[in-house]
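Take a look at the structure below.
The values are calculated or read from the model by the stated rules, or taken from the named source; none is laboratory data. From a predicted model like this one, the values you see are computed outputs, not experimental measurements. We place every Cβ from the backbone using ideal geometry, glycine too, and count neighbours over all the protein chains shown.
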């Protein structure tokens, strides 16, 4: 793993990437290196307001290592940290520490990777699948991505484009509340289930499974994999709580 360091950087731009979800792009400090799937701790410096949750948050890097900037994305909610970040102008100085974490693509390319994401849990996987395409990695990668409807599905278009460019990357997006959508959807609907996995995977035995999303969803997916008799050693998880 790359060594963790502490450094300052500045906000370059922010953008809405789905209903209630924003992405923030920061300048990549000179010499900062990371592996796709790793995370950073971001500290707001002297923010105009603060609350009991403090000024530091951990974020998976949604950008890929080959990108020129560092991108994070988060659901926006009513906390002082999110309010300050959401209103910030380009040039805002922040401190980052990292990279950290081992939620990265395994090295043995003969074993497929199955990525299971809910909502903003997509961020480490966006980095992983874009980097894999960039490096022309030999892994077969299956991403099962669950959201309520297309409007609140961050990075769905980028992922769809990546799937067109990389024949080894398979995107299976599913929507759980299409009755609340104004958009047309011809893909899968409903939650990620054992049946959905069996429908799209060549085999349930053999892949390494990566789970990212809210703790309740990660727990539910774990039990689905346990029922399918997936070995515990072949499951890696990243929980996104309190976003």
*asked:* What's the total number of residues in segment 103-120 that are out of contact with any helix residue (DSSP H, G or I) (no Cβ under 7 Å at 6 or more places or on another chain) and at pLDDT below 95?
replied: 2
*Which residue pairs have Cβ atoms closer than 9 Å, lie 6 or more positions apart in sequence or on different chains, and pair a first residue in segment 175-195 that is free of Cβ contacts under 8 Å to residues at least 12 places away in the same chain with a second residue that is buried (at least 16 other Cβ atoms within 10 Å of the Cβ)?*
179/149; 184/150
_Top-ranked residue of segment 160-184 - restricted to ones that are closer than 24 Å to residue 218 by Cα and part of a loop (DSSP other than H, G, I, E, B), ranked as farthest from the chain's Cα centre (by Cα)_ = 177
_Being outside the structural domain of residue 121 (by TED's automatic domain parsing), surrounded by 20 or more Cβ atoms within 10 Å (Cβ to Cβ) and over 28 Å from residue 105 (Cα atoms) narrows it down to one residue among 85, 45; which is it?_
85
_strands (runs of 3 or more DSSP E) within segment 88-159 that include 2 or more residues over 11 Å from the mean Cα position of the chain (by Cα) and more than 25 Å from residue 14 (Cβ to Cβ)_ = 113-118, 141-147
*Kindly check whether there is at least one residue in segment 212-235 that is under 21 Å from the mean Cα position of the chain (by Cα), under 24 Å from residue 168 (Cα atoms) and surrounded by fewer than 20 Cβ atoms within 10 Å (Cβ to Cβ).*
yes
*Can you name the strands (runs of 3 or more DSSP E) wholly within segment 20-84 that have at least 3 residues being out of contact with any helix residue (DSSP H, G or I) (no Cβ under 8 Å at 6 or more places or on another chain)?*
21-27, 39-44, 69-75
*asked:* With surrounded by 22 or more Cβ atoms within 10 Å (Cβ to Cβ), closer than 21 Å to residue 16 by Cβ and either touching a strand residue (DSSP E or B) at 6+ places or on another chain (Cβ under 8 Å) or modelled with pLDDT of 95 or more (or both) as the only criterion, which of 125, 169 stands out?
replied: 125
*Among the listed residues 38, 68, which satisfies the condition of being out of contact with any strand residue (DSSP E or B) (no Cβ under 8 Å at 6 or more places or on another chain) and closer than 18 Å to residue 127 by Cα?*
68
*Is it the case that some residue within segment 104-119 is buried (at least 21 other Cβ atoms within 10 Å of the Cβ) and more than 22 Å from residue 189 (Cβ to Cβ)?*
yes
*asked:* Go through segment 185-242 and report how many residues are touching a helix residue (DSSP H, G or I) at 6+ places or on another chain (Cβ under 6 Å), under 20 Å from residue 59 (Cβ atoms) and part of a loop (DSSP other than H, G, I, E, B).
replied: 2
*Among the numbered criteria (1) free of Cβ contacts under 8 Å to residues at least 12 places away in the same chain; (2) outside the structural domain of residue 13 (by TED's automatic domain parsing), which single criterion is violated by residue 78?*
(2)
*Could you tell me whether segment 25-32 includes any residue that is closer than 17 Å to residue 83 by Cα and either within 19 Å of the chain's Cα centre (by Cα) or at pLDDT 95 or above (or both)?*
yes
